1. Using the structure shown, decide if T110 is among the β-branched types (V, I, T), in contact (Cβ under 8 Å) with a residue 24 or more places away in the chain and over 13 Å from V166 (Cβ atoms).
2. In the set L118, L93, L74, which member is in contact with a Gly (Cβ under 9 Å, 6 or more places away or on another chain), in the same structural domain as E140 (by TED's automatic domain parsing) and not hydroxyl-bearing (S, T, Y)?
3. State the number of residues belonging to the stretch 124-148 that are within 13 Å of C97 (Cβ to Cβ) and part of a strand (DSSP E or B).
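The values are calculated or read from the model by the stated rules, or taken from the named source; none is laboratory data. Everything numeric in this text was worked out from a predicted model, so none of it was measured. Please note: Cβ atoms are built from the backbone with ideal geometry, for glycine as well, and neighbour counts cover all protein chains shown.
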Amino acid sequence: MTDVVGNVRASDDDREQAAERLRVAAGEGRISLDELNERLDATYRAKTYAELALVTSDLPGGLALSSTEEPLVLRSHSGSIQQVGEWVVPARLVAECGWGSLKIDFTRATCRHREVALDATLGGGGMTVIVPRGWTVRVENVTTGMGSVVNKADAPSVAGMPVLRVNGRVGMGTLKFKHPRR
């Protein structure tokens with residue numbers, strides 16, 4: 001589980017939290033100004049939670065990133081899973097679908113995060129993700145084999161609404177994003 005979380009892409013907010021922790025450490029005399037500058041450079045270059053954790057691992061209290069929250073893990077090998085209705089959205093979701101089907105519906109969910117990371121892995125199955133209008137879906141780092149990624153969640157973004165950042169791999173299946181029916 002930790003490997004999956006560590007490989008999740010870090011957000012700008014996560015990098016800012018790490019940078020603030022470093023500034024506090026410098027103010028407390030725990031690191032020198034030269035070391036602060038080196039670590040800040042590494043912080044702003046970091047792409048994953050694991051890279052950010054390395055920058056602050058020797059400081060008291062570590063890094064209080066949202067990565068400490070356990071991700072929601074959904075795995076369907078040949079059956080089906082539905083995450084629907086009222087539920088609380090964590091900062092990260094890990095969704096794996098072999099030959100089955102997986103549905104994630106954010107329509108009635110409570111989301112307190114400005115950004116939600118979805119790490120999606122599909123074999124030959126199908127995954128459908130339903131997001132409320134106003135949410136932004138960013139398919140950032142998804143590779144496909146013979147499968148496809150379809151993003152029909154194209155309603156205008158609304159300031160303050162969550163951004164769903166998607167990373168993953170699609171083999172022969174279909175990863176589809178859409179809005180709920182009216």
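1. yes
2. Going through L118, L93, L74 in turn, just one is in contact with a Gly (Cβ under 9 Å, 6 or more places away or on another chain), in the same structural domain as E140 (by TED's automatic domain parsing) and not hydroxyl-bearing (S, T, Y): L118.
3. Within the stretch 124-148, residues that are within 13 Å of C97 (Cβ to Cβ) and part of a strand (DSSP E or B) number 4.
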